[in-house]
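A.B. asks: Sharing a structure with you now.
Readers should treat all values here as calculations from the given coordinates under stated rules, not as data from a laboratory. Values in this document were obtained by computation on a predicted structure and should not be read as measured data. Virtual Cβ from ideal backbone geometry, glycine too; neighbours counted across all protein chains shown.
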Ligand SMILES: [Zn+2]
């Protein structure tokens with residue numbers, strides 16, 4: 001299991017930029033302005049589709065197409081910098097957090113949120129440890145709970 005902790009909130013802009021360049025370089029990819037912009041957008045968004053990243057970087061990188069952004073996101077995922085989430089529609093979403101964790105998907109805001117519940121995680125780990133699915137070995141569990149806002 002790969003766990004990366006990125007602290008960006010208290011770093012100066014230059015330090016953050018250096019960290020992003022290091023993260024991209026250390027993954028084995030070439031550092032380009034487009035890759036930096038996409039990674040920065042993912043840090044800001046957390047969970048996002050290629051469309052959402054394009055919308056965020058449009059001001060600074062107006063020539064970046066959805067296809068290019070998707071290819072960058074895909075290469076980041078292959079290098080372990082992002083995780084992939086199958087969206088509720090046919091859209092593919094990416095997650096800046098690559099460690100195993102549960103999600104809430106809000107139908108109203110159409111967005112993913114990380115969902116931390118130690119009791120649930122303990123229950124899932126116990127299930128995986130104690131339950132054998134005949135002929136298979138469990139490698140990970142992706143739990144996505146769909147929710148909607150309660151009426152006020
Ligand atoms: Zn997540």
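A.B. asks: Using per-residue counts of other Cβ atoms within 10 Å, averaged over each peptide, order 70-76, 90-96, 136-142 from highest down.
C.D. replies: Those peptides, ordered most packed to least, come out 70-76, 90-96, 136-142.
A.B. asks: Right, next: If I stretch the segment between residue 139 and residue 27 completely, what's the gain in nm (0.36 nm per residue apart, minus their alpha carbon distance), one decimal?
C.D. replies: 38.0 nm
A.B. asks: Same structure again: Evaluate the Kirkwood expression for the hydrodynamic radius of the chain, namely the inverse of the mean inverse distance over all pairs of different C-alpha atoms, and round to one decimal in Å.
C.D. replies: 17.1 Å
A.B. asks: While we're here: Cut-off is 10 Å between beta-carbons; in what order do 57, 147 appear when sorted fewest neighbours first?
C.D. replies: 147, 57
A.B. asks: Now for a separate question. Which residue fluctuates most in the GNM of the chain (Cα springs below 10 Å): 28, 87, 135?
C.D. replies: Most flexible of the set in this elastic network: 135.
A.B. asks: Choose one answer from 21, 134, 116: the residue with the largest mean-square fluctuation in a GNM of the chain with alpha-carbon springs under 10 Å.
C.D. replies: Top of the fluctuation ranking is 134.
A.B. asks: Further question: Please work out how much length the chain gains when fully extended from residue 132 to residue 113, using 0.36 nm per residue of separation minus the C-alpha to C-alpha distance, in nm with one decimal. Before the final figure, lay out each step's value.
C.D. replies: Working: separation 19, 0.36 × 19 = 6.84 nm, distance 2.96 nm.
My answer for the length gained is 3.9 nm.
A.B. asks: With springs connecting C-alpha atoms under 10 Å apart, model the chain as a Gaussian network and identify which of 29, 124, 45 has the largest mean-square fluctuation.
C.D. replies: 124
A.B. asks: Using 0.36 nm times the number of residues separating residue 67 and residue 34, minus their current alpha carbon distance, what extension gain do you get? Don't skip to the end; give the middle numbers.
C.D. replies: Working: separation 33, 0.36 × 33 = 11.88 nm, distance 1.25 nm.
Roughly 10.6 nm would be gained on extension.
A.B. asks: Given R₀ = 41 Å, FRET efficiency for residue 120-residue 79 by Cβ-Cβ distance, to 0.05? Each step should come with its number before you reach the end.
C.D. replies: On the way: r = 30 Å, r/R0 = 0.72.
Given R0 = 41 Å and the Cβ-Cβ separation, E is 0.90.
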